[in-house]
1. Of the residues that sit in the range 114-152 and are of a type in the set (S, T, N, Q) and within 18 Å of S171 (Cα to Cα), which one is nearest to the chain's Cα centre (by Cα)?
2. State whether one or more residues within the range 142-151 are over 22 Å from A105 (Cα atoms) and among the hydroxyl-bearing types (S, T, Y).
3. Just to be sure I understand, how many residues within the range 70-82 are open to solvent by 40 Å² or more (accessible area, probe 1.4 Å) and part of a helix (DSSP H, G or I)?
4. Kindly evaluate A66 against the criterion of being under 16 Å from S23 (Cβ atoms) and crowded, with 22+ Cβ neighbours inside 10 Å.
5. Of the conditions (1) open to solvent by less than 50 Å² (accessible area, probe 1.4 Å); (2) in a helix (DSSP H, G or I), K169 clears all except one; give me its number.
6. Could you tell me whether any residue of the range 43-59 is loosely packed, with under 14 Cβ neighbours inside 10 Å and in a loop (DSSP other than H, G, I, E, B)?
Amino acid sequence: YFEKGLQLLEQVQDERGIISNCSGMMCAYFGLGMYDESLNWGMKGLRLAEKSKDRRLITQALGNIAVSYLELGYFTDSKRALDAVRKLGIPKDESNKTALDILEARLHLVDCNLEAASKFIEQALENALKIQYRLLICESYRIRGVVNYRLGAYEQSYQDFGDAIGIAKNSHLLEQLVLTYYECGKVEYERGHYQLCLLYTSPSPRDPKTSR
């Protein structure tokens with residue numbers, strides 16, 4: 001569908017549409033595990049966005065690239081992309097601002113800077129709740145669960161994961177649900193709760209009570 005859409009957008013020379021479509025293609029190929037192709041589309045979108053001089057589109061393209069680099073473990077490249085976004089100024093779009101705060105929190109987690117990670121994920125959660133963007137609310141709770149676990153706040157961590165699971169289920173956010181189960185499984189494994197770990201990471205995960 002993205003490819004068909006791109007053909008139509010190119011025919012009518014819809015520049016903004018083409019750039020947004022490139023971001024969609026990037027995410028689609030990333031989801032398929034075709035990472036080189038994904039980054040190629042991301043870079044194409046970024047080049048077109050920079051040519052348009054539209055800060056919102058540039059921010060969107062750079063943000064997607066930064067997330068892809070983070071997921072692939074290219075942390076330095078991800079930080080560079082995020083720094084480039086920050087130099088453009090604070091996005092006017094509240095959802096973009098929230099997504100960038102989540103990304104920044106995740107990068108601070110990589111560096112084990114828990115104070116900074118906590119600061120940015122609290123900002124993200126507060127803003128996500130304010131704009132009622134359920135995907136970002138769910139992701140914020142999931143990342144805050146990881147941060148609180150690293151801080152040793154286990155009860156709050158389980159509560160955060162439980163909130164993320166509830167929202168993911170109610171809003172049919174399958175990817176967020178899988179990611180949250182994965183994080184719960186990691187936590188239970190690290191705490192030596194191997195049976196609970198299996199409940200979260202089995203092919204048909206079940207939902208134990210999210211408090212211990």
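The values are calculated or read from the model by the stated rules, or taken from the named source; none is laboratory data. None of these values were measured; they are calculated from a predicted model. Using ideal geometry, Cβ is built from the backbone for each residue, glycine included, and neighbour counts are taken over all protein chains shown. For accessibility, only protein heavy atoms count, side chains too; no ligands or nucleic acids. Shrake-Rupley method; radii C 1.70, N 1.55, O 1.52, S 1.80 Å.
1. Here the residue is S140.
2. No, the range 142-151 contains no residue that is over 22 Å from A105 (Cα atoms) and among the hydroxyl-bearing types (S, T, Y).
3. Matching residues across the range 70-82 total 7.
4. Taking the combined requirement at face value, the residue satisfies it.
5. Every condition holds for K169 apart from (1).
6. Yes: the range 43-59 contains one or more residues that are loosely packed, with under 14 Cβ neighbours inside 10 Å and in a loop (DSSP other than H, G, I, E, B).
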